[in-house]
Amino acid sequence: MTCPHAAAAASALAIDPMVQDLDGETARLREAGALVTIELLGVPALAVTRHADARQLLTDQRLVKDLDAWTLWQTGAVTHAWPLIGMIDAGRSMFTVDGAEHRRLRTKTSQAITPRRLEAIRPDIEKFTHELLDALAEQAVDGAVDLKAVFAQPLPMRVVGHLMGVDEAQHPMLMKAYKAFFSMLTPHEERMAVLAELDVFYTELVREKTARPTDDLTSGLILAEEGGEPLTEEEVVGNLKAMVAAGHETTIGLILNVVRALLTHPDQLALVLSGEVSWETVIEESLRWDPSITHLLMRFATEDIPVGDDVIHKGEGVVISYRAIGRDTEQHGEDADSFDITRATPIRHMTFGHGPHICPGAALSRLEAAIALPALFERFPGLSLAVPAEEIRNLPVLTQNDKAAFPVLLNG
(Lines give C-alpha, C1' and ligand atoms only; values in the text may rest on other atoms or scores of the structure.)
Protein backbone atom coordinates (compact mmCIF):
# COMPACT_ATOMS: atom_id res chain seq x y z
CA MET A 1 0.00 0.00 0.00
CA THR A 2 1.37 3.42 -0.96
CA CYS A 3 1.86 6.43 1.22
CA PRO A 4 1.44 9.60 -0.89
CA HIS A 5 1.59 11.93 2.11
CA ALA A 6 5.10 10.75 2.98
CA ALA A 7 6.36 11.64 -0.48
CA ALA A 8 4.69 15.03 -0.24
CA ALA A 9 6.13 15.93 3.15
CA ALA A 10 8.49 18.49 1.65
CA SER A 11 5.51 20.35 0.13
CA ALA A 12 3.17 20.13 3.10
CA LEU A 13 0.19 22.45 3.14
CA ALA A 14 0.98 25.11 5.73
CA ILE A 15 -1.92 25.95 8.02
CA ASP A 16 -1.98 29.75 8.30
CA PRO A 17 -1.59 30.76 11.97
CA MET A 18 -3.03 34.21 11.16
CA VAL A 19 -6.20 32.68 9.63
CA GLN A 20 -6.39 35.28 6.86
CA ASP A 21 -8.32 33.10 4.38
CA LEU A 22 -10.28 30.35 6.11
CA ASP A 23 -12.47 29.57 3.08
CA GLY A 24 -9.40 29.30 0.87
CA GLU A 25 -7.57 27.08 3.34
CA THR A 26 -10.62 24.81 3.64
CA ALA A 27 -10.85 24.50 -0.14
CA ARG A 28 -7.12 23.72 -0.46
CA LEU A 29 -7.37 21.00 2.16
CA ARG A 30 -10.35 19.43 0.40
CA GLU A 31 -8.60 19.58 -2.98
CA ALA A 32 -5.39 18.05 -1.58
CA GLY A 33 -7.09 14.78 -0.72
CA ALA A 34 -8.59 12.72 2.08
CA LEU A 35 -5.39 12.56 4.15
CA VAL A 36 -3.24 15.66 3.74
CA THR A 37 0.25 16.38 5.01
CA ILE A 38 0.10 19.75 6.75
CA GLU A 39 2.55 21.93 8.61
CA LEU A 40 1.68 23.35 12.03
CA LEU A 41 4.25 26.02 12.84
CA GLY A 42 7.05 23.90 11.42
CA VAL A 43 5.75 20.54 12.68
CA PRO A 44 4.28 18.01 10.20
CA ALA A 45 0.99 16.23 10.81
CA LEU A 46 -1.78 14.57 8.82
CA ALA A 47 -5.15 16.29 8.35
CA VAL A 48 -8.30 14.22 7.84
CA THR A 49 -10.69 16.02 5.46
CA ARG A 50 -13.44 13.47 4.70
CA HIS A 51 -16.51 12.75 6.82
CA ALA A 52 -16.45 8.96 6.41
CA ASP A 53 -12.74 8.68 7.23
CA ALA A 54 -13.08 10.91 10.28
CA ARG A 55 -16.07 8.94 11.53
CA GLN A 56 -14.04 5.73 11.29
CA LEU A 57 -10.87 7.16 12.82
CA LEU A 58 -12.61 8.84 15.76
CA THR A 59 -13.64 5.40 17.02
CA ASP A 60 -10.36 3.66 16.14
CA GLN A 61 -8.58 2.59 19.33
CA ARG A 62 -5.25 2.73 17.50
CA LEU A 63 -5.48 6.54 17.52
CA VAL A 64 -4.84 7.84 21.02
CA LYS A 65 -4.46 11.13 22.88
CA ASP A 66 -1.27 9.96 24.62
CA LEU A 67 1.52 12.38 23.70
CA ASP A 68 4.12 9.69 24.37
CA ALA A 69 2.87 7.81 21.29
CA TRP A 70 4.06 10.65 19.01
CA THR A 71 7.38 9.87 17.31
CA LEU A 72 8.32 13.56 17.06
CA TRP A 73 7.87 13.87 20.83
CA GLN A 74 9.77 10.65 21.54
CA THR A 75 12.75 11.78 19.49
CA GLY A 76 12.81 15.31 20.85
CA ALA A 77 11.97 16.89 17.49
CA VAL A 78 8.99 18.47 19.29
CA THR A 79 9.48 19.84 22.80
CA HIS A 80 7.69 22.16 25.20
CA ALA A 81 9.17 25.02 23.17
CA TRP A 82 6.67 24.33 20.35
CA PRO A 83 3.98 27.04 20.59
CA LEU A 84 1.09 24.59 20.20
CA ILE A 85 2.21 22.08 22.82
CA GLY A 86 -0.14 23.51 25.45
CA MET A 87 -3.13 22.46 23.33
CA ILE A 88 -1.94 18.84 23.43
CA ASP A 89 -0.10 18.53 26.73
CA ALA A 90 -2.82 20.29 28.74
CA GLY A 91 -2.80 18.26 31.93
CA ARG A 92 -4.73 15.18 32.92
CA SER A 93 -8.43 15.30 32.03
CA MET A 94 -11.01 13.35 30.05
CA PHE A 95 -9.74 15.22 26.98
CA THR A 96 -6.20 13.79 27.22
CA VAL A 97 -6.68 10.11 28.17
CA ASP A 98 -8.27 7.09 26.49
CA GLY A 99 -9.88 3.77 27.33
CA ALA A 100 -10.98 2.92 30.86
CA GLU A 101 -9.49 6.09 32.36
CA HIS A 102 -11.32 8.24 29.84
CA ARG A 103 -14.59 6.47 30.63
CA ARG A 104 -14.06 7.05 34.35
CA LEU A 105 -13.36 10.76 33.94
CA ARG A 106 -16.15 11.26 31.43
CA THR A 107 -18.69 9.41 33.56
CA LYS A 108 -18.06 11.88 36.35
CA THR A 109 -18.67 14.77 33.98
CA SER A 110 -21.83 13.19 32.62
CA GLN A 111 -23.14 13.02 36.17
CA ALA A 112 -22.49 16.74 36.54
CA ILE A 113 -24.01 17.86 33.19
CA THR A 114 -27.28 15.94 33.07
CA PRO A 115 -30.30 16.81 30.90
CA ARG A 116 -32.11 17.66 34.13
CA ARG A 117 -29.39 20.12 35.13
CA LEU A 118 -29.45 21.71 31.69
CA GLU A 119 -33.21 22.09 31.79
CA ALA A 120 -32.92 23.59 35.25
CA ILE A 121 -30.62 26.35 34.00
CA ARG A 122 -32.84 27.26 31.02
CA PRO A 123 -34.46 30.15 32.95
CA ASP A 124 -30.99 31.43 33.85
CA ILE A 125 -29.87 31.35 30.20
CA GLU A 126 -33.03 33.23 29.23
CA LYS A 127 -32.36 35.78 31.96
CA PHE A 128 -28.73 36.28 30.92
CA THR A 129 -29.83 36.59 27.28
CA HIS A 130 -32.33 39.34 27.95
CA GLU A 131 -29.91 41.23 30.18
CA LEU A 132 -27.31 41.19 27.42
CA LEU A 133 -29.86 42.23 24.80
CA ASP A 134 -30.55 45.25 27.02
CA ALA A 135 -26.81 45.89 27.12
CA LEU A 136 -26.66 45.81 23.31
CA ALA A 137 -29.26 48.56 23.12
CA GLU A 138 -27.59 50.59 25.85
CA GLN A 139 -24.08 50.37 24.43
CA ALA A 140 -24.94 50.97 20.78
CA VAL A 141 -23.64 54.23 19.31
CA ASP A 142 -25.90 55.43 16.49
CA GLY A 143 -27.25 51.88 16.42
CA ALA A 144 -23.81 50.29 15.96
CA VAL A 145 -22.33 47.83 18.46
CA ASP A 146 -19.93 44.85 18.60
CA LEU A 147 -22.19 41.81 18.86
CA LYS A 148 -19.31 39.62 19.98
CA ALA A 149 -18.02 41.79 22.82
CA VAL A 150 -21.42 42.70 24.26
CA PHE A 151 -23.50 39.58 23.60
CA ALA A 152 -21.97 36.46 22.01
CA GLN A 153 -18.89 36.34 24.24
CA PRO A 154 -20.28 37.16 27.70
CA LEU A 155 -23.35 34.92 27.35
CA PRO A 156 -21.58 31.52 27.25
CA MET A 157 -19.11 32.66 29.90
CA ARG A 158 -21.99 33.62 32.20
CA VAL A 159 -23.66 30.27 31.56
CA VAL A 160 -20.59 28.12 32.14
CA GLY A 161 -19.58 30.29 35.09
CA HIS A 162 -23.03 29.80 36.59
CA LEU A 163 -22.74 26.05 36.05
CA MET A 164 -19.33 25.95 37.72
CA GLY A 165 -20.18 28.24 40.60
CA VAL A 166 -17.66 30.93 39.57
CA ASP A 167 -18.26 34.48 40.75
CA GLU A 168 -19.14 36.76 37.82
CA ALA A 169 -16.35 39.11 38.87
CA GLN A 170 -13.90 36.43 37.68
CA HIS A 171 -15.36 36.15 34.18
CA PRO A 172 -13.29 38.96 32.57
CA MET A 173 -10.11 37.34 33.88
CA LEU A 174 -11.08 33.97 32.43
CA MET A 175 -12.04 35.41 29.03
CA LYS A 176 -8.76 37.33 28.85
CA ALA A 177 -6.75 34.25 29.86
CA TYR A 178 -8.34 31.95 27.30
CA LYS A 179 -8.02 34.57 24.56
CA ALA A 180 -4.28 34.83 25.28
CA PHE A 181 -3.88 31.05 25.45
CA PHE A 182 -5.42 30.41 22.03
CA SER A 183 -3.97 33.40 20.16
CA MET A 184 -0.99 32.71 17.90
CA LEU A 185 0.27 36.22 18.70
CA THR A 186 0.84 35.34 22.36
CA PRO A 187 4.55 34.69 23.08
CA HIS A 188 5.20 31.11 24.13
CA GLU A 189 6.42 32.05 27.62
CA GLU A 190 3.29 34.13 28.18
CA ARG A 191 1.05 31.28 27.01
CA MET A 192 2.66 28.89 29.49
CA ALA A 193 2.24 31.52 32.22
CA VAL A 194 -1.47 31.73 31.35
CA LEU A 195 -1.76 27.95 31.76
CA ALA A 196 -0.12 28.22 35.17
CA GLU A 197 -2.47 31.06 36.14
CA LEU A 198 -5.49 28.96 35.14
CA ASP A 199 -4.17 26.00 37.12
CA VAL A 200 -3.91 28.19 40.24
CA PHE A 201 -7.41 29.60 39.72
CA TYR A 202 -9.10 26.23 39.21
CA THR A 203 -7.13 24.58 42.02
CA GLU A 204 -8.31 27.27 44.44
CA LEU A 205 -11.87 26.88 43.15
CA VAL A 206 -11.79 23.09 43.61
CA ARG A 207 -10.41 23.40 47.14
CA GLU A 208 -13.08 25.94 48.04
CA LYS A 209 -15.87 23.70 46.68
CA THR A 210 -14.38 20.66 48.40
CA ALA A 211 -14.62 22.47 51.72
CA ARG A 212 -18.01 24.05 50.99
CA PRO A 213 -19.82 22.21 48.17
CA THR A 214 -22.80 23.85 46.50
CA ASP A 215 -25.20 22.94 43.70
CA ASP A 216 -22.84 23.49 40.76
CA LEU A 217 -20.76 21.57 38.24
CA THR A 218 -17.52 21.87 40.19
CA SER A 219 -19.06 20.37 43.31
CA GLY A 220 -20.72 17.71 41.17
CA LEU A 221 -17.37 16.63 39.75
CA ILE A 222 -15.83 16.50 43.21
CA LEU A 223 -18.71 14.54 44.77
CA ALA A 224 -19.61 12.21 41.87
CA GLU A 225 -19.69 8.68 43.28
CA GLU A 226 -20.35 6.38 40.32
CA GLY A 227 -17.87 5.12 37.75
CA GLY A 228 -14.93 3.95 39.88
CA GLU A 229 -12.59 5.97 42.05
CA PRO A 230 -13.40 9.63 42.76
CA LEU A 231 -11.58 12.19 40.65
CA THR A 232 -8.33 13.53 42.02
CA GLU A 233 -7.89 17.27 42.48
CA GLU A 234 -5.68 17.34 39.38
CA GLU A 235 -8.35 15.55 37.33
CA VAL A 236 -11.14 17.90 38.44
CA VAL A 237 -8.93 20.89 37.64
CA GLY A 238 -8.03 19.45 34.22
CA ASN A 239 -11.67 18.73 33.35
CA LEU A 240 -12.84 22.19 34.40
CA LYS A 241 -10.03 23.99 32.59
CA ALA A 242 -10.74 22.20 29.33
CA MET A 243 -14.53 22.28 29.64
CA VAL A 244 -14.66 26.04 30.11
CA ALA A 245 -12.34 26.56 27.14
CA ALA A 246 -14.35 24.25 24.89
CA GLY A 247 -17.72 25.35 26.23
CA HIS A 248 -17.60 29.10 25.93
CA GLU A 249 -15.30 29.37 22.90
CA THR A 250 -17.38 27.08 20.69
CA THR A 251 -20.64 28.76 21.65
CA ILE A 252 -19.27 32.22 20.80
CA GLY A 253 -18.47 30.94 17.32
CA LEU A 254 -21.80 29.16 16.95
CA ILE A 255 -23.85 32.28 17.72
CA LEU A 256 -21.80 34.59 15.50
CA ASN A 257 -21.60 32.14 12.61
CA VAL A 258 -25.37 31.69 12.57
CA VAL A 259 -25.92 35.45 12.62
CA ARG A 260 -23.45 36.03 9.78
CA ALA A 261 -24.94 33.20 7.71
CA LEU A 262 -28.48 34.53 8.07
CA LEU A 263 -27.61 38.19 7.51
CA THR A 264 -25.76 37.29 4.30
CA HIS A 265 -28.64 35.06 3.15
CA PRO A 266 -31.71 37.27 3.69
CA ASP A 267 -34.04 34.92 1.81
CA GLN A 268 -33.21 32.18 4.32
CA LEU A 269 -33.50 34.58 7.25
CA ALA A 270 -37.04 35.32 6.07
CA LEU A 271 -37.87 31.60 6.15
CA VAL A 272 -36.68 31.36 9.75
CA LEU A 273 -38.46 34.48 10.97
CA SER A 274 -41.70 33.33 9.32
CA GLY A 275 -41.48 29.98 11.09
CA GLU A 276 -41.17 28.00 7.87
CA VAL A 277 -37.76 26.66 8.96
CA SER A 278 -36.89 25.89 12.58
CA TRP A 279 -34.06 27.45 14.55
CA GLU A 280 -32.83 23.91 15.20
CA THR A 281 -32.33 23.39 11.45
CA VAL A 282 -30.53 26.73 11.14
CA ILE A 283 -28.17 25.85 14.00
CA GLU A 284 -27.34 22.41 12.57
CA GLU A 285 -26.70 23.76 9.06
CA SER A 286 -24.44 26.46 10.47
CA LEU A 287 -22.55 23.89 12.55
CA ARG A 288 -21.95 21.92 9.35
CA TRP A 289 -21.13 24.81 7.02
CA ASP A 290 -19.17 27.15 9.28
CA PRO A 291 -18.27 25.26 12.48
CA SER A 292 -16.73 26.81 15.57
CA ILE A 293 -13.87 24.28 15.49
CA THR A 294 -11.62 24.31 12.44
CA HIS A 295 -8.86 21.82 13.38
CA LEU A 296 -8.76 19.56 16.43
CA LEU A 297 -5.25 18.82 17.72
CA MET A 298 -4.16 15.93 17.97
CA ARG A 299 -4.23 12.13 18.05
CA PHE A 300 -1.35 9.70 17.54
CA ALA A 301 -1.18 6.34 15.80
CA THR A 302 -0.01 3.41 17.93
CA GLU A 303 0.34 1.27 14.79
CA ASP A 304 -0.08 1.64 11.03
CA ILE A 305 -3.70 2.48 10.10
CA PRO A 306 -4.89 2.13 6.48
CA VAL A 307 -7.10 5.01 5.27
CA GLY A 308 -8.31 4.31 1.75
CA ASP A 309 -5.20 4.08 -0.45
CA ASP A 310 -3.06 5.82 2.14
CA VAL A 311 -1.64 4.91 5.54
CA ILE A 312 -1.28 6.72 8.83
CA HIS A 313 2.04 5.37 10.06
CA LYS A 314 2.76 4.43 13.65
CA GLY A 315 3.82 7.47 15.63
CA GLU A 316 2.32 10.07 13.29
CA GLY A 317 0.13 12.91 14.55
CA VAL A 318 -3.39 13.28 13.18
CA VAL A 319 -5.53 16.42 13.03
CA ILE A 320 -9.27 16.25 12.41
CA SER A 321 -10.12 19.20 10.13
CA TYR A 322 -13.78 19.72 10.98
CA ARG A 323 -14.36 22.64 8.63
CA ALA A 324 -13.14 20.63 5.65
CA ILE A 325 -15.24 17.67 6.77
CA GLY A 326 -18.34 19.86 6.95
CA ARG A 327 -17.84 20.78 3.27
CA ASP A 328 -17.42 17.13 2.17
CA THR A 329 -19.41 16.74 -1.06
CA GLU A 330 -19.51 12.96 -0.66
CA GLN A 331 -21.42 13.40 2.62
CA HIS A 332 -23.36 16.63 2.05
CA GLY A 333 -23.88 16.77 -1.71
CA GLU A 334 -22.36 18.81 -4.52
CA ASP A 335 -23.64 22.03 -2.93
CA ALA A 336 -21.76 21.40 0.34
CA ASP A 337 -20.03 24.79 0.03
CA SER A 338 -23.41 26.53 0.17
CA PHE A 339 -25.32 27.53 3.28
CA ASP A 340 -28.82 26.14 2.72
CA ILE A 341 -31.34 25.56 5.49
CA THR A 342 -33.72 23.99 2.96
CA ARG A 343 -31.26 21.37 1.69
CA ALA A 344 -32.81 18.05 0.80
CA THR A 345 -30.03 15.90 2.22
CA PRO A 346 -30.20 15.40 6.01
CA ILE A 347 -27.78 17.60 7.95
CA ARG A 348 -25.59 14.93 9.56
CA HIS A 349 -22.39 16.62 10.62
CA MET A 350 -19.75 15.77 13.22
CA THR A 351 -18.87 19.28 14.39
CA PHE A 352 -19.04 18.23 18.04
CA GLY A 353 -16.97 15.13 17.32
CA HIS A 354 -17.86 11.46 17.26
CA GLY A 355 -17.12 8.40 19.35
CA PRO A 356 -15.83 8.29 22.94
CA HIS A 357 -14.47 11.86 22.87
CA ILE A 358 -17.61 13.52 21.48
CA CYS A 359 -17.98 16.96 23.08
CA PRO A 360 -19.73 16.62 26.47
CA GLY A 361 -20.97 20.21 26.23
CA ALA A 362 -22.71 19.85 22.85
CA ALA A 363 -26.21 19.89 24.36
CA LEU A 364 -25.39 23.00 26.41
CA SER A 365 -24.03 24.86 23.37
CA ARG A 366 -27.11 23.99 21.31
CA LEU A 367 -29.39 25.05 24.16
CA GLU A 368 -27.69 28.44 24.49
CA ALA A 369 -27.90 29.06 20.75
CA ALA A 370 -31.54 27.96 20.61
CA ILE A 371 -32.39 30.52 23.30
CA ALA A 372 -30.10 33.38 22.27
CA LEU A 373 -30.65 33.50 18.51
CA PRO A 374 -34.45 33.80 18.32
CA ALA A 375 -34.39 36.28 21.19
CA LEU A 376 -31.79 38.40 19.37
CA PHE A 377 -33.78 38.59 16.12
CA GLU A 378 -37.07 39.10 17.95
CA ARG A 379 -35.60 42.06 19.86
CA PHE A 380 -33.81 43.51 16.82
CA PRO A 381 -35.68 42.41 13.67
CA GLY A 382 -33.77 44.97 11.60
CA LEU A 383 -30.37 43.59 12.62
CA SER A 384 -27.73 43.95 9.90
CA LEU A 385 -23.96 43.85 9.46
CA ALA A 386 -22.25 47.20 10.00
CA VAL A 387 -19.44 46.25 7.59
CA PRO A 388 -19.26 43.98 4.53
CA ALA A 389 -19.10 40.32 5.60
CA GLU A 390 -15.62 39.92 4.08
CA GLU A 391 -14.30 42.60 6.45
CA ILE A 392 -15.13 40.51 9.53
CA ARG A 393 -11.71 39.09 10.37
CA ASN A 394 -10.78 35.94 12.22
CA LEU A 395 -8.55 36.05 15.25
CA PRO A 396 -5.15 34.36 14.82
CA VAL A 397 -6.35 31.05 16.30
CA LEU A 398 -5.54 27.76 14.57
CA THR A 399 -8.17 25.63 16.26
CA GLN A 400 -11.25 27.86 16.50
CA ASN A 401 -13.28 29.84 14.02
CA ASP A 402 -13.14 32.95 16.20
CA LYS A 403 -13.84 36.54 15.12
CA ALA A 404 -11.85 39.59 16.23
CA ALA A 405 -15.05 41.66 16.33
CA PHE A 406 -18.56 41.49 14.91
CA PRO A 407 -19.93 45.00 14.25
CA VAL A 408 -23.69 45.17 13.64
CA LEU A 409 -26.42 47.77 13.26
CA LEU A 410 -29.32 46.95 15.55
CA ASN A 411 -31.95 48.59 13.35
CA GLY A 412 -30.52 48.24 9.87
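The values are calculated or read from the model by the stated rules, or taken from the named source; none is laboratory data. In this text the structure is predicted, and so the values were computed from the model without any measurement. Counting neighbours? That spans all protein chains shown, and the Cβs are built from the backbone with ideal geometry, glycine included. With ligands, DNA and RNA removed, areas are computed over all heavy atoms of the protein, side chains included. Shrake-Rupley method; radii C 1.70, N 1.55, O 1.52, S 1.80 Å.
Principal axis analysis of the Cα atoms in the chain yields extents of 59, 56, 38 Å, listed in decreasing size.
What percent do you get for the relative contact order of the stretch 128-249 when only Cα pairs under 8 Å and 6+ apart count?
About 26 percent, as a whole number.
Over all orientations, the stretch 192-235 has a Cα convex hull whose mean projected area works out to 3.4 square nanometres. Legend: residues GLU101, GLU204, GLU285, GLU138, sorted from most to least accessible area (1.4 Å probe; ligands, DNA and RNA excluded), read GLU138, GLU204, GLU101, GLU285. Accessible area per residue was computed with a 1.4 Å probe on protein heavy atoms; GLU233 scores about 80 Å². Based on protein heavy atoms only, the stretch 263-346 ends up with 39 Å² per residue of surface accessible to a 1.4 Å probe.
Can you give the percent of C-alpha pairs in the stretch 265-359 whose distance is more than 23 Å?
Cα-Cα pairs in the stretch 265-359 separated by more than 23 Å: 37 percent.
Size descriptor for the stretch 43-87, Kirkwood hydrodynamic radius: 12.3 Å (Cα pairs only, one decimal). Which helices of the chain meet both criteria: a Cα extent of 30 Å or more along the helical axis and a mean Kyte-Doolittle score no lower than 0.0, with helices taken as whole DSSP H segments? Answer set is 233-263. At the listed q of 0.25 Å⁻¹, the Debye profile of the stretch 88-178, built from one uniform point per Cα, gives log10 I(q)/I(0) equal to -1.23.
Would you work out what percent of the accessible area of the stretch 32-99, with all protein chains in place, is carbon or sulfur (probe 1.4 Å)?
It is 50 percent, rounded to a whole number.
Distance from the alpha carbon centroid of the stretch 194-266 to that of the stretch 321-368 works out to 24 angstrom.
Take the Kirkwood radius over Cα pairs of the stretch 126-181, plug it into Stokes-Einstein at 20 °C and 1.002 mPa s, and you get 178 µm²/s for translational diffusion. Ordering HIS265, ALA405, ILE293 by Cα displacement along the dipole of the chain toward the positive end leaves ILE293 in first place; charges were set at the Cβ atoms of Lys, Arg (+1) and Asp, Glu (-1). Protein-only accessible surface at a 1.4 angstrom probe places the residues LYS176, LYS108, LYS65 in the order LYS176, LYS65, LYS108, largest first. Counting lysine pairs in the chain that sit 8 or more residues apart in sequence, or on different chains, and whose Cα atoms lie under 29 Å apart gives 29. Accessible area ranking (1.4 Å probe, heavy atoms, ligands and nucleic acids excluded), largest first, for PHE151, PHE201: PHE201, PHE151.
Entry note, the chain: the mean residue ellipticity at 222 nm calculated from DSSP H runs of n ≥ 4, each adding -39500 (n - 2.57), is -14500 deg cm²/dmol after division by the residues and rounding to the nearest 500. Over all distinct Cα-Cα pairs of the stretch 210-327, the Kirkwood formula returns a hydrodynamic radius of 18.2 Å. For the peptides 154-164, 89-99, the ranking by mean Cβ contacts within 10 Å, running from highest to lowest, is 154-164, 89-99.
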